[in-house]
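Here, each number is a calculation from the coordinates, and none is a lab measurement. Keep in mind that what you see is a predicted model, and the values were worked out from it rather than measured. Cβ: placed from backbone, ideal geometry, glycine included. Neighbour counts: every protein chain shown.
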Amino acid sequence: MAAEALEQAAREAGHEMVVETQGSAGSEPLDQSVIDAADAVIFAHDLEVRDAGRFAGKPTVDVGVKRAVSDAPTLVAQAVEAAEQARTPSPAGSAGAASGDAAGGARSLTLVGVTSCPTGIAHTYMAAEGLEQAAKDAGHTMVVETQGSAGSEPLDQSVIDAADGVIFAHDLEVKDVGRFAGKPTVDVGVKRAVSDSPALIAEIERLVAERGQAGSTAPAAAAATTTAAAGATPAREGERVGTGTKIRQWLMTGVSYMIPFVAAGGIMIALGFMLAQLFGGKQGAIDVTSMYTLNPAGATDKVTVLQNAFNPGAGMHWAALLFLIGAAAFGFLVPILSGFIAYGIADRPGLVPGIVGGFIANTMGAGFLGGIVTGFLAGFMARWISGWKVHKGVRGVMPVVVIPLLSTLITAGAMILLLGRPIKGLMDALSSGLTSMSGSNAVLLGLILGLMMGFDLGGPVNKVAYTFGTTGLSAVAAGATDAPQLKIMAAVMGAGMVAPWGMALATALRPKLFTKAEQENGKASWLLGASFISEGAIPFAAADPWRVILSSMVGSGVAGALIMAFGSGSRAPHGGLWVTPLITNPLMFLLSVIVGSVITGLLVVALKGADESRRVVASTSAAQDAVTA
């Protein structure tokens with residue numbers, strides 16, 4: 001209704017208007033050439049505008065959708081006025097630019113940014129810190145909004161309005177990106193901000209200078225100066241992102257939403273086992289999986305219906321409570337993985353077929369492989385159906401009836417009739433192979449996973465290994481205590497702790513081989529490594545790639561192999577040192593991580609120490625730091 005009202009009002013006023021409807025049925029995005037040719041934009045929305053950065057630099061009217069339904073002619077008039085103002089150069093802006101040029105120097109900028117990564121744990125915050133530090137070093141002020149797994153605290157709109165430019169460093173879609181419309185924008189992946197923040201600051205300086213924003217913050221002037229250079233913002237989604245990258249992003253969207261279920265469920269199950277062994281001995285770990293239930297219909301004489309007989313003074317009842325809640329959380333792993341892969345592909349229309357397909361895959365025993373298949377199938381089906389050209393009288397029932405009905409029928413039907421049994425067979429073969437893996441084979445797997453974890457420190461290869469570990473947990477029965485997937489998770493987590501600990505050790509052993517900034521990073525890496533944040537070693541790898549990455553891979557590979565050899569297992573997908581009590585054979589787990597870290601630390605010291613030029617650079621940098629101090 002809002003779209004029809006706006007188009008009608010524009011037509012009556014003698015203007016041409018094209019509207020992109022972003023309903024629950026999805027949307028067909030406007031061609032970028034149409035957007036580039038537009039004089040102004042009207043946002044009429046009650047939900048976040050998807051990919052609003054496409055409209056950056058355009059005069060904008062932003063209202064709720066009801067306003068467009070009831071008062072479309074006024075909105076069109078406001079958009080026309082904004083477009084006319086944008087065509088008129090701002091005297092204040094011109095004067096500011098002239099005075100800035102006359103001063104002969106670049107002025108201090110006020111910048112804002114947004115960072116996000118698939119897991120929202122490390123890269124998000126490291127990128128923010130890197131950008132803020134690089135901006136400070138360049139004489140600018142910058143405030144970054146981190147959109148991590150803990151949520152985000154949105155920047156105040158007054159801060160955004162006063163900003164000269166914006167830097168987006170993200171691997172997930174920026175939330176409410178329309179807030180930043182009209183600002184010069186640099187848009188990159190999050191790793192670029194971690195490894196090369198100064199270059200991004202230089203890029204935004206160039207864009208601000210090109211667009212002539214020397215001090216005016218009036219919306220009309222901003223729109224006028226930014227429109228001409230809108231093409232200078234680096235292309236990102238359509239042009240630079242390849243098919244492989246898109247597939248990885250969709251998969252990681254599902255994994256990122258699944259991880260909290262893995263963490264909550266896995267830790268509660270592990271705590272339940274700990275209490276069961278404490279209060280029931282060796283038999284307690286068996287009883288807690290078979291002697292308690294939440295389902296009265298499934299109870300027998302020997303099974304306790306926990307909610308009817310819970311005794312706060314009975315330790316086994318607390319163990320059963322934790323175990324049953326954790327097992328319930330684990331039941332959501334595959335449906336959530338599938339649902340949010342589909343969500344990444346098709347937005348909201350993908351959720352229903354994805355979650356239903358994932359549930360069916362889990363019920364049929366197809367596990368996480370089935371969930372991945374149903375996630376992609378549901379996403380593409382929902383997106384395809386959402387793009388159908390239908391009569392406007394049918395549009396209203398598309399999102400609530402047609403799309404969920406057809407996409408769910410196709411996805412679930414294909415899983416039940418065609419795909420389920422072959423994928424279950426593949427999962428059974430994989431589980432059988434992992435279960436029979438012992439001795440040198442298990443050690444070799446641990447070595448490979450360790451090498452992957454130590455290679456790019458939070459990058460794609462690292463994430464593949466981590467995803468293999470976390471998704472494998474979904475195939476573990478809630479009562480299992482010695483499943484190979486638990487050992488794989490422990491090997492992945494232990495190997496991921498090695499690089500930051502190794503670099504922390506290296507900076508402590510031979511500080512003269514490192515700059516003052518690297519020495520400070522080394523101190524922080526003790527905590528990062530303990531928390532299983534491999535990204536703590538990224539600053540070192542960025543400064544000296546081959547020595548640090550080689551050392552990291554060797555140490556991480558050794559740690560992964562040792563953990564598999566010792567048989568340590570973990571239900572927790574994250575936590576590092578802090579979840580050691582929940583890991584089976586914890587002392588050997590810690591010993592393996594320490595051995596790997598020592599190897600990494602000693603190797604990087606040896607490689608750096610063998611490079612005479614490196615020693616000279618380090619000593620020169622240290623001397624400069626001392627003089628500065």
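Provide, in order from the shortest bin, the percent of all Cα-Cα pairs of region 279-375 in each 5 Å bin, continuing until the bin that contains the maximum pair distance.
Values per bin, smallest distances first: 3, 14, 18, 14, 12, 11, 12, 10, 5, 2.
Over the chain, what is the mean sequence separation of C-alpha contacts under 8 Å (at least six apart), divided by residue count, expressed as relative contact order in percent?
For the chain, the relative contact order is 10 percent.
How fast does the chain diffuse by Stokes-Einstein, in µm²/s, taking the Kirkwood radius from C-alpha pairs at 37 °C and 0.692 mPa s? List each step's numbers first, then the result.
Working: Rh = 27.3 Å.
Using the Kirkwood radius from Cα pairs, D works out to 120 µm²/s.
Rounded to the nearest 0.05, what FRET efficiency is calculated for TRP388 and TRP546 with R0 set to 45 Å and r the Cβ-Cβ distance?
For R0 = 45 Å, the calculated efficiency reads 0.30.
From Cα coordinates alone, what are the radius of gyration and Dmax values for region 366-464 in angstrom?
20.2, 66
Among GLY265, TRP388, GLY567, pick out the residue whose Cα is farthest towards the positive end of the charge dipole of the chain, where Lys and Arg carry +1 and Asp and Glu carry -1 on C-beta, about the Cα centre.
It is GLY567, whose Cα lies furthest towards the positive end.
Over region 2-87, with a single point scatterer placed on each C-alpha, what log10 of the ratio I(q)/I(0) does the Debye formula yield at q = 0.16, 0.19, 0.23 1/Å?
For the requested q values the scattering log ratios are -0.58, -0.85, -1.29.
Taking all pairs of distinct Cα atoms, average 1/r, flip it, and tell me the Kirkwood hydrodynamic radius of region 428-573 in Å to one decimal place.
The Cα-based Kirkwood calculation yields 15.3 Å.
Using a simple spin-label model with points 7 Å from Cα along the Cα→Cβ vector, what separation in nm is obtained for LYS516 and VAL65?
5.6
Return, ordered by residue number, the residues of region 580-613 whose backbone nitrogen is under 16 Å from a label point located 7 Å along Cα→Cβ of LEU509.
Under 16 Å, as judged by backbone N against the label point of LEU509, lie 593-611 of region 580-613.
Which number do you get for Rg(Cα) / (2.2 N^0.38 Å) in region 243-436?
On the way: Rg = 20.3 Å, N = 194, 2.2 N^0.38 = 16.3 Å.
Here the Cα radius of gyration is 1.25 times the empirical estimate.
Let me spell out the model: positive unit charges on the Cβ of Lys and Arg, negative unit charges on the Cβ of Asp and Glu, origin at the Cα centre of the chain. What dipole size does that give, in debye rounded to 20?
Numbers: 40 positive and 48 negative charges, 372 e Å.
It comes to approximately 1780 debye.
Return a whole-number percent for the relative contact order of region 275-426, with Cα pairs under 8 Å and 6 or more residues apart as the contact set.
Relative contact order of region 275-426: 19 percent.
Rounded to the nearest Å, what's the spacing between the alpha carbon centres of region 65-88 and region 263-324? Just the number, please.
63
Give the whole-number value, in cubic angstrom per residue, of the convex hull volume spanned by the C-alpha atoms of region 246-295.
In region 246-295, the Cα convex hull volume per residue is 102 Å³.
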